[in-house]
Amino acid sequence: MFTLRNMLRAICRSLAFIALANGSFVLGREPESGQTRNIGDPADFRHWLENMVWYHGYSREEILEVTGLRSGELEDALKRYRISPSTRPLAEVDPPIFVLPYPGGRHPRIGFLDGAIEPQRETKLSIFTPWDPASYVVLDAPEALWSNLGLTYLAHTHIDTVWDKQGIRLKQLEWLRMPDGSYFLRRELPNKIVYELLAIPHRDHLAIRMSLTNGTSEVLSDLRVQMCAMLKGCRDFDQQTNDNKIFRGSLAACRNSAGNRWVILGFEPNHRTWGNAPCPCLHSDPIFPELAPGQTGTVHGWLSFYQGTEIDKELAKIEKRWNAVDEQLVLGRVVDDETGEPIASRMYVQSDSGEWYFAEGAGPEGRTIRYEKQNWIRPESNEFHTSVSAHPFTLRLPPGNYMVTVERGKEYFPWTKTIRVGSQIQELEIRLKRWVDMAALGWYSGDTHVHTTVERLKVAIEAEDVNVALPMVYWTTRNDRTAEFGDRTDPDDARLPSALIAVDGTHVIWPKNTEWEIFSLDGKSHTLGALFALNHQTPFGMGIPPVKQVIEQADREGAILDLDKHDWPFALVLPPLLGNRLTYELANNHMWRTEFAFSKWTTSAPDWMGLGDGLVGGEKEWMEYVHRTYWTLLNCGYRLQPSAGTASGVHPVPVGYGRVYVHLPHGFHYRDWVEGLRQGRSFVTTGPMVRLEQEGDWLRGSVQADGPIDSLEWIVNGKVQLQDVTQQERRPNGSSSIEFGRRVRFESTSWVAVRVWQKSETGRWRFAHTAPIWFDVSGKPLVPSEQERAYLMDRVEGELKRSREVLSADGVLEYEEALEAYRRLVPEK
């Protein structure tokens, strides 16, 4: 029957969807079932659609039940947001365990459904397996909470809770995703009992922490919690039996039919572990201690996946490593040693046994971002740290010894200390000593190649004192996918406006940057390499190749085109096509704080560079290969200015480990910084600081480093000339410095740069390299050597031969144009 109520419901639905289509706030409406949730704002709505379509594989009917939309409304929304199984982005490189809120609608159980009517999604997280992106475990945290008051909370309808008996309906909640990728939920019950859940994804496990605060006036006891891992969505783990499960202490584990893959769940302090075969599910149910009024208790959880057959060893390893019940709090803060002011920093904490631990904010203002990356070629090349804002922090550490290292970008000495954690709460005041203040000298740093989300970057650039960060928000690996809708484009950051994001007055993020990293041509696996567009205004609605089609938009919007690694197959095709609008990464994403990993190169260095067999080399050989290729391009007349990028977010390296400093004598402004980068008022560094200025026919400069300077080199048209460094000054603060200069006169056009080498205490080489200063002599151009010209021609000829059959006709023409440009170069006699 058509009633006024139904008419109003239809009107509300229509108004809601109109608001959604216009990108404005969506009106709420009365849910039509216990599984239907109000749409909320457009961003939340899009996230839920992505969640259901891309990751949970929901049917149209399931989506309609959850959203309450009509069929046509759903189709319009999916089309508007370009959401389909084929538009799902590629997974993060070396990701933490992938976790999403469970959307609801689809029942997470197979059997015993009458024991879980209308399951609520606010307690449920889907944890996806590393071996099958379509398989997931649904963690119900908490499924139920018991106390001396009775059943105090239940995440579905079955047995009456104390609130059901009073006719009180609890408010629906949603998980809150934090900037560091963790999920948080807080519920306050009508009697002021408060519980909080924090789920933290790490590389190898999901850490869960639940706190319970007694806000009543009476003692709470018998505080048992049911924590359930439901296996319906986990392929080959959904047998309705307990024969495939192990219960050992606080750990419960379930295997697949082959017995070589496992799901492991644990909570401590533990009440019991068990399994419900009809569901099927694993339980590890914790218990809180008795809580007096105002008192808070905490339990800790672990969920992980294991691939292998030695499950006994794996469980024993977890039991040994996971002793969160005994952990102690270490409180601390990081300050500037001279001023005493709090400063942001990067923190490493490692136990004697090799386990890494991560800091957390000590209060509501404190922000921390975990970073966990390990190279897939060399496992010892890893980066496990926390970026900590300029606020107090806490460390939760079991008793034992820990090495703590704290750093802040390039301009402070590292702080390292071994601490002993016992039974008492400790406090740390970490005082970082500055050895140089580049901003006071008018120099501001940037990282031009980042793969970290904007929210995470906000903390990281403060911790690293990076003034400008350029994240590759748009990112495609296929020539048939535009960067705007690339297979690695971040769907949230891609919707940010073309506006500067200022963390403070001197630390900013520009969110419109693109990476074309081509591994596929028209569906065929074929690697070309990477080209970046920095500082553009609107998304590029095109793929590459051909490459030259990006020029018009780049020039119109003031973008800089940036050449990534020189050894990419198509890298040396780019300079003749893009000219001096191209910059060159002198410090690239294979230069790290941790151990060097990429000792085998994509394309061979020529013999005349003197780098061994040309395809294999160590860290310093790689740097030489990068630099000498740059010098070769300069000698060919391509006046490419230097840049520096880390690809932090993909590789085991902090933001700004390799960075470019730009000189801004009148103070920091983003647009001035970009223009300074474009003009080459800059130097690139992975450690020491170098400055070079022209005063008539004199070049004068200075070097500062946090330790001894090993060598100083004049680079003149690609030829290395050593400068004596025996007169370097050792300063009272432990740093070293040297000033230098020379008179220069040239009979033909030439360029000059300065390079510095410094060897760290651990034997690692670090460098600084200035932008070239050019000396133009009319009618006498700079010409390359025959071997330089031959090297560039050989690279392009070889790449053209390799790629001709898969490139488009326009792409082939570009390669031929680049080859002809190198052929026309007149070598020196």
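The values are calculated or read from the model by the stated rules, or taken from the named source; none is laboratory data. What you are looking at is a predicted structure, and each value in this text was computed from that prediction instead of being measured. Note that we place each Cβ from the backbone using ideal geometry, even for glycine, and neighbour counts take in every protein chain shown. SASA here: full protein model, heavy atoms, side chains in, ligands and nucleic acids out. Shrake-Rupley method; radii C 1.70, N 1.55, O 1.52, S 1.80 Å.
Okay, helix-only estimate at 222 nm for the chain: each DSSP H run of n ≥ 4 adds -39500 (n - 2.57), divide by all residues, round to 500 deg cm²/dmol; what do you get?
Values: 12 runs with 138 residues, N = 829.
After summing the helix terms and dividing by the residues of the chain, the value is -5000 deg cm²/dmol.
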Can you compute the radius of gyration and Dmax for the chain, using only the Cα atoms, both in Å?
29.6, 97
Which one of 770, 573, 354 is farthest out on the positive end of the charge dipole of the chain, using unit charges on Cβ (Lys, Arg +1; Asp, Glu -1) and the Cα centre as origin?
573
Carbon plus sulfur fraction of accessible area for the chain, probe 1.4 Å, in percent
50
A chain fully extended from residue 495 to residue 224 at 0.36 nm per residue, minus the present Cα-Cα distance, gains in nm 93.2 nm
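Compute the Kirkwood hydrodynamic radius of the range 442-521, taking the inverse of the mean of 1/r over all pairs of distinct Cα atoms, and give it in Å to one decimal.
About 13.0 Å, per the Kirkwood formula over Cα pairs.
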Based on the alpha-carbon set only, what is the convex hull volume of the range 305-399 divided per residue, in Å³?
141
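If Rh is defined by the Kirkwood formula over all Cα pairs and Rg also comes from Cα, what ratio Rg/Rh do you get for the range 82-225? Before the final figure, lay out the partial values.
Details: Rg = 17.0 Å, Rh = 16.9 Å.
Radius of gyration relative to Kirkwood radius: 1.01.
Compute the length gained on full extension between residue 238 and residue 724: take 0.36 nm times their separation in residues and subtract their Cα-Cα distance, giving the result in nm to one decimal. Write out the running numbers ahead of the final one.
On the way: separation 486, 0.36 × 486 = 174.96 nm, distance 7.12 nm.
Taking 0.36 nm per residue and subtracting the Cα distance, the gain is 167.8 nm.
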Would you mind checking which residues have amide H under 5 Å from residue 153's amide H? H placed 1.01 Å from N; only 5 or more apart, or other chain.
145
Stretchable slack from residue 440 to residue 326, in nm (0.36 nm times residue separation minus alpha-carbon distance):
36.4 nm
Distance in Å, no decimals, from the C-alpha centre of the range 247-309 to the one of the range 77-98 is 30
Run the simple label-point estimate for residue 425 and residue 211 please: 7 Å along Cα→C-beta, distance reported in nm.
1.1
What lysines does residue 171 reach when the alpha-carbon gap must be under 28 Å and sequence neighbours fewer than 8 apart in one chain are set aside?
124, 192, 232
For a distance above 25 Å, tell me the whole-number percent of Cα pairs in the range 578-736 that qualify.
38
Along principal axes, largest first, the alpha-carbon spread of the range 514-564 in whole Å comes out as 33, 20, 16
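May I ask you to derive the relative contact order of the chain, considering only C-alpha pairs under 8 Å and at least 6 residues apart, and to give it as an integer percent? Before the final figure, lay out the partial values.
Working: 1928 pairs, mean separation 58.1, N = 829.
The normalised contact order for the chain reaches 7 percent.
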Applied in sequence order to the range 392-397, the curve 6.51 cos²θ - 1.76 cosθ + 1.60 (Karplus, θ = phi - 60°) yields integer Hz couplings, x standing for Gly and Pro, of x, 10, 10, 10, 9, 10
Short version: ³J(HN,Hα) in whole Hz for each residue of the range 534-551, in order, from phi by Karplus 6.51 cos²θ - 1.76 cosθ + 1.60 (θ = phi - 60°), x for Gly and Pro, what are they?
10, 6, 8, 10, 10, x, 7, x, 8, x, 10, x, x, 8, 5, 5, 7, 5
At what distance in nm do the modelled label points of residue 338 and residue 747 sit from each other, each positioned 7 Å from its Cα along Cα→Cβ?
4.9
HN-Hα J in Hz across the range 97-102 - Karplus 6.51, -1.76, 1.60, θ = phi - 60°, x for Gly and Pro:
3, 8, 10, 9, x, 6
Between the range 398-461 and the range 129-197, the alpha-carbon center distance in angstrom:
36
Taking amide hydrogens as modeled 1.01 Å from N in the peptide plane, which residues meet the under 5 Å criterion relative to residue 327, leaving out close sequence neighbours?
none
Long-range amide H partners of residue 409, meaning residues 5 or more apart or on another chain whose placed amide H is closer than 5 Å, are 346
Among the lysines, which have Cα under 20 Å from the Cα of residue 719 when same-chain residues fewer than 8 positions away are ignored?
620, 780, 829
Residue-normalised accessible area of the chain, given per residue in Å² at a 1.4 Å probe:
40
With the charge dipole of the chain built from beta-carbon charges (+1 for Lys and Arg, -1 for Asp and Glu) about the Cα centre, the Cα from 808, 688, 654 projecting farthest to the positive end belongs to 808
Sites residue 731 and residue 272, calculated FRET efficiency, Cβ-Cβ separation with R0 56 Å, nearest 0.05:
0.30
Bins of 5 Å from zero: percent of alpha-carbon pairs in the range 606-648:
5, 20, 25, 21, 19, 10, 1
